[in-house]
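To start, the structure itself, in structure tokens.
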Amino acid sequence: MVEKFDVVVVGAGPAGVSAAIVTARAGLNTVIIERGNIPGEKNLFGGVLFKHPFEKLIPDFVKTAPLERKVVEYQYWILLDDSFIKLVYRDDAFENNPSGYTALRAKFDAWYAKKAQEAGAMLITRTQALEPIIKDGKVIGVNTDRGELFGNIVIAADGANSLLAQKAGLHDEWKPHQLALGVKEVIEVQRTKIDEMFQVKTEEGVAATIIGGPLKGMTGGGFLYTDREALSVGIGVLLSDLVSNNIRPNKLYEKFKRHPAIYPYIKDGILKEYSAHLIPEGGYNAIPKLYTNGMMVVGDAALLVNVVGWEGTNLAAESGILAGETAIYAHKVKDFSANVLKIYETKLRNSFVLRDLRKFRRIPPFLYKNKHFFSSYPEMLRDILRLWHTVDGEPKEIKIKRIRDVIISKVGPIKLIKDISDLIRGILF
Ligand SMILES: Cc1cc2nc3c(=O)[nH]c(=O)nc-3n(C[C@H](O)[C@H](O)[C@H](O)COP(=O)(O)OP(=O)(O)OC[C@H]3O[C@@H](n4cnc5c(N)ncnc54)[C@H](O)[C@@H]3O)c2cc1C
């Protein structure tokens, strides 16, 4: 196949499809190429999907999208070998206006890609982009395993393992501490049982973020989300930590799901899906160059993941929208050079995407360097709670002294103060 389009989008995830909806609606001749048999087939996320960018494109998004449950409760779990601590936040405010919905990507991505087709974009599946076609310093198309496709603008939305951006010279190979490996299972559990276990109504859901336990001392975390008739359970750990701990992700996940805090929820469930996927976690300082002559990079391919909020799909969709808008302008002025496409970066900088990532720029390196956050602190909390809740006639005065000793032995007062001030600096300032 040799064809010429206005816009060639590589990848039918949230970033690519959002870009294609925008450009196709503006009347640009748009094609999406996707390596899977159907969009979403090989995609996975935790996952909570935040509706805000999607609603901009599809006003009746919540009514029409294949969403699982609206999240009305957020839980934070700290696992220890022999115990666990849970913080539960449920808010009636999310009953009527939830921000996040659990979703399954196989269903969601296929539905979302149809919206791009309805807008007029062409979708070509089972086609893998191999490299950008570059002529006179400009990206003018992509070479695929089924032939060449030409376009005024290429939008690289090919996810965490983006070949296109790398081959266009926008970044070097990612380092193992900039990528996490996510492993996830979808476990079928009766709808009524989920409602009962989590004390929710059928359309309501719970999102649990989990650290520690078998993931102790590794930069990463786990999750448990309620789908309509299944639980999504998984972990994500930096590749560098998997290597240095010499542990296979599937082994780690097995241990994780057997933890007494998790196992009771899934023990009677039926495994429906098992998959693994990379998560770009390098943060703001690792973001590659976002555009070049004839090409823009969006979503995970541009490392647009907020590890503090566990957000990726909304940053992907928003970046796709902004790249789409830039492509429309470039066609208006008939200039597809970096000089015009740099508008995409300006738009991104003014949006929540780069503002959030910039705000939290110190957090990914901080978490990477301070692994005691994932070991000493959970243990310290457990020891404090254990001491406090062991009511045995020991005077509280002595207990408080012992609690002080725990803090000193696990972290130390100076380190504790430094960690708190670094975290406050990293998040608030
Ligand atoms: C375990 C895990 C848990 C997560 N949890 C959450 C969560 O709870 N909430 C959240 O918002 N985000 C979460 N994320 C992140 C989120 O999934 C991503 O940020 C988001 O999917 C990025 O969208 P994208 O369109 O940029 O890339 P993707 O969704 O990865 O889509 C890329 C698409 O490109 C296709 N493709 C790739 N290479 C080629 C090629 N060469 N040729 C043709 N097609 C190609 C792929 O098949 C895919 O369809 C999670 C991720 C993981 C792995």
**Message:** If I fit a long axis through the Cα atoms of helix 338-350 and take the longest principal axis of the Cα atoms of the chain, what angle between them do I get, 0 to 90°, rounded to 10?
**Reply:** 30
**Message:** Contact order normalised by length for the stretch 177-280, with contacts defined as Cα pairs under 8 Å and 6 or more residues apart; what percent is it?
**Reply:** 44
**Message:** Rounded to whole Å, give me the distance from the Cα center of the stretch 1-33 to that of the stretch 365-382.
**Reply:** 43
**Request:** Classify the stretch 110-196 as rounded, prolate or oblate from the Cα gyration tensor: take a ≥ b ≥ c as the square roots of its eigenvalues, call it rounded if a/c is under 1.5, otherwise prolate when a/b beats b/c and oblate if not.
**Result:** oblate
**Item:** Cα-based reach from Lys332 at 13 Å (exclusive), listing aspartates and glutamates while leaving out same-chain residues under 8 positions away
**Value:** Asp6
**Item:** DSSP bridge orientation in the stretch 1-136 - percent antiparallel, rounded to nearest 5
**Value:** 65
**Item:** Euclidean distance of C-alpha centroids, the stretch 85-145 and the stretch 162-217, integer Å
**Value:** 16
**Message:** I need the calculated FRET efficiency for the pair Leu416 and Asn143, taking r as the beta carbon distance and R₀ as 56 Å, to the nearest 0.05.
**Reply:** 0.55
**Fill in**
Whole-percent carbon and sulfur contribution to the accessible surface of the chain (1.4 Å, no ligands, DNA or RNA) stands at 53
**Fill in**
Checking Asp81, Asp335, Asp195 against a Gaussian network model of the chain (alpha-carbon springs below 10 Å), the top fluctuating residue turns out to be Asp81
**Prompt:** Given the options Ala316, Ala156, Ala276, which has the most mean-square fluctuation in a GNM of the chain, springs set between C-alpha atoms less than 10 angstrom apart?
**Reply:** Ala276
**Fill in**
Rounded to the nearest 10, the angle in degrees between the Cα long axis of helix 413-428 and the longest principal axis of the Cα atoms of the chain comes to 30
**Complete:** For the stretch 375-428, the count of lysine pairs 8 or more apart or interchain whose alpha-carbon atoms are under 22 Å apart comes to 6
**Request:** Take the eigenvalues of the Cα gyration tensor for the chain, scale each by 5, and report the square roots as semi-axes in whole Å, largest first.
**Result:** 41, 24, 19
**Message:** Keeping all protein chains in place and using 1.4 angstrom, which order do Ile58, Ile398 fall into by accessible surface area, from largest down?
**Reply:** Ile398, Ile58
**Accessible surface ranking that places the most exposed of Thr30, Thr292 first, with a 1.4 angstrom probe** = Thr292, Thr30
**Asked** Among Ile155, Ile140, Ile407, which one shows the biggest mean-square fluctuation in a GNM of the chain, springs joining Cα atoms closer than 10 Å?
**Response** Ile407
**Item:** Net lengthening on full extension, Asp91/Ile427 (0.36 nm per residue, minus Cα-Cα)
**Value:** 118.6 nm
**Request:** Calculate how many DSSP beta bridges within the chain are antiparallel, expressed in % of all such bridges and rounded to the nearest 5.
**Result:** 65
**Message:** Can you pull out the trypsin sites (Lys or Arg not before Pro) in the stretch 271-379 whose DSSP state is coil and whose Cβ has at most 11 other Cβ atoms within 10 Å?
**Reply:** Lys334
**Request:** Determine the gain in length on full extension of the stretch Lys201-Lys251; use 0.36 nm per residue of separation and subtract their C-alpha separation, reporting nm with one decimal.
**Result:** 14.6 nm
**Request:** Over the stretch 177-280, average the accessible area per residue using a 1.4 Å probe and give it in Å², no decimals.
**Result:** 42
**Asked** Looking at the stretch 178-263, which trypsin sites (Lys or Arg not before Pro) are DSSP coil and have at most 12 other C-beta atoms within 10 Å of their C-beta?
**Response** Lys201
**Request:** As a check on your grasp of the helix formula, calculate [θ] at 222 nm for the chain: sum -39500 (n - 2.57) over DSSP H runs of n ≥ 4, divide by the residue count, round to the nearest 500.
**Result:** -11500 deg cm²/dmol
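The values are calculated or read from the model by the stated rules, or taken from the named source; none is laboratory data. All values reported here derive from a predicted model rather than from experimental measurement. Glycine gets a Cβ as well: all are built from the backbone with ideal geometry, and neighbour counts include every protein chain shown. To get the accessible areas, we keep the full protein, side chains included, count just its heavy atoms, and leave off ligands, DNA and RNA. Shrake-Rupley method; radii C 1.70, N 1.55, O 1.52, S 1.80 Å.
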